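Heads up: the structure comes next, in structure tokens.
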Amino acid sequence: MQEHGRKILTISFMTIKTAAVKEKNWKFETRAIHEGQEPDPTTGAVIVPIYQTSTYVQEELGKHKGYEYSRTGNPTRKALETSLASLENGDFGLAFASGMAATSTVMNLFEQGDHLIVTDDVYGGTFRLFERVLKKYGLSFTFCDTREISNVEKALQKNTKGIWTETPTNPLLKLVDLKKIAEFAKERHLISICDNTFATPYFQNPLDFGIDIATHSTTKYLGGHSDVVGGGVVTNRSDLYETIKFHQNAVGGIPGPFDCWLVLRGIKTLALRMNRHENNALKIAEMLENHPEVLKVHYPGLKSHPQHDLAKKQMRGFGGMVSFEVKGGLEAAKNLLKNTKLFSLAESLGGVESLIEHPASMTHASLPQETREKLGISDGLIRISVGIEDVEDLIGDLKTALEQARRK
Ligand SMILES: *Cc1c(COP(=O)(O)O)cnc(C)c1O
């Protein structure tokens, strides 16, 4: 009974909050700074404090202020969860210890015997979780090119229960038509999920197109400063929220209060940073497209991108990720990586500083070589996360390194 009563309390609290946002009709930049972050009720602190506590005192049996134990709930995490929901135009938000913790907790919605259709070039860690961990528990997956809805249709089985998409994808920046996927899923009662890490809620809101769940690695643009690992989930469906929240507590992949605080701080400047990431990325993509040492550039903001029109339709901006193929294959790629000075050779993305990496041997090494080749992740492919430094400096750095790429 008591457990039941507490649950209802949580839901009504959430409902009141989101109703308030919709009434106020705040724009994205305002919500990013204020939503879920009222001054601290006990001290008036303008910034949500880091509630570094594992447990909460009860005045008498069952009488408390809404928190009992920090795996179940924590005020700093609550602020982040409210903020995430607001940014994604959703009713319910949940925060996790990492993007992968968010992904695996969402996957707890499915049961032994269920089948999912998955975008074929999903994040390498997602592929690894599905193929090497969840298969053992009786889930099955069909990876397909979700750019074409006909491929999704072909992958459908009697036991299909969900569609897991990512758009833009990593590292080839392919797009998925979210509206079409959502309609396809709704007609067949499948749960649709979109990993929205690359676009961020500033440039794209999957729930607006009817997608059931948006997931995030907050490690990337939301955190934005390469100093925290975290994940997030947002949905409008209270049934899904209840089940994911149950598993968040039952499985325990929760973020600590300090990590929540860092992501909240990052979110405050998300809009400013994303505009700058995008401006820089577009200029760099245009430079690369005209560079004699470059075979191909992948960036949804380029007119040459095969899905540029879809990008303009479902995204408000094209993001800060660019990938390109250099002439000369692995040798040239290695030389390029050795010779950049501003672009640091590192995995991850979405921070203020520019990073460069080699998908085939780094972020996507967990994909079998055969799969990589099929997808187009060649040995000459380079991925850059364009930071917010001065764009002329960044272009100069890449040009110098490209000139040296095929020299011995
Ligand atoms: C990084 C990333 C993840 C995993 O997130 P972690 O925070 O590293 O666990 C999932 N999806 C995408 C698109 C990512 O870039």
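Rounded to the nearest 20, the Cβ-based charge dipole of the chain about its Cα centre (Lys and Arg +1, Asp and Glu -1) stands at 180 debye.
With respect to the cross-link table entries K220/K303; K161/K186; K180/K268, which display a Cα-Cα separation exceeding 22 Å? Correct reply: K220/K303; K180/K268.
Before I look further, what does the chain give for accessible area per residue, probe 1.4 Å, in whole square angstrom?
Ligands and nucleic acids excluded, the figure is 44 Å² per residue.
For the stretch 271-407, a simple Cβ point-charge model (Lys and Arg +1, Asp and Glu -1, everything else neutral) yields a dipole of about 260 debye relative to the Cα centre.
State, to one decimal in nm, how far the label point of A365 lies from the label point of K180, with both points 7 Å from Cα in the Cβ direction. That separation, rounded to one decimal, is 3.6 nm.
Would you kindly calculate the translational diffusion coefficient of the chain, applying Stokes-Einstein with the Kirkwood radius from alpha carbon pairs, for 25 °C and a viscosity of 0.890 mPa s, and quote it in µm² s⁻¹ without decimals?
In µm²/s, the coefficient rounds to 112.
With a 1.4 Å probe rolled over the protein heavy atoms of all chains, the accessible area of H358, H189, H247 falls in the order H189, H247, H358, largest first.
Here the spin labels are modelled as points 7 Å beyond Cα on the Cα-Cβ line, and at R71 and V133 they lie 1.7 nm apart. When Rg and Dmax are taken over the Cα atoms of the stretch 264-407, they come to 14.9, 45 Å.
Note on K283 and T142: with the Förster distance fixed at 60 Å, the Cβ-Cβ geometry gives a FRET efficiency of about 0.95. Highest-first packing order for the peptide set 275-282, 370-377 is 275-282, 370-377, based on the mean count of other beta carbon atoms within 10 Å.
Here the sum of -39500 (n - 2.57) over DSSP H runs of 4 or more residues, divided by the residues of the chain, equals -12000 deg cm²/dmol at 222 nm, to the nearest 500.
Just the C-alpha atoms of the stretch 86-244: what Rg/Rh do they give, with Rh taken as the Kirkwood radius? So for the stretch 86-244, dividing Rg by the Kirkwood Rh gives 0.93.
When you count the other C-beta atoms within 10 angstrom of each residue and take the mean per peptide, 70-78, 91-99 line up highest first as 91-99, 70-78. Computed packing ranks the peptides 263-271, 323-331 as 263-271, 323-331, most packed first, by mean other Cβ atoms within 10 Å.
Once the piece of chain linking H225 and L172 is laid out straight, how much longer is it, given 0.36 nm per residue of separation minus the C-alpha distance between them?
Gain on extension, H225 to L172, equals 16.7 nm.
The values are calculated or read from the model by the stated rules, or taken from the named source; none is laboratory data. Only a predicted model underlies this, so the values are computations on that prediction, with no experimental measurement involved. Cβ sites come from the backbone with ideal geometry, for glycine too, and all protein chains shown count toward neighbours. To get the accessible areas, we keep the full protein, side chains included, count just its heavy atoms, and leave off ligands, DNA and RNA. Shrake-Rupley method; radii C 1.70, N 1.55, O 1.52, S 1.80 Å.
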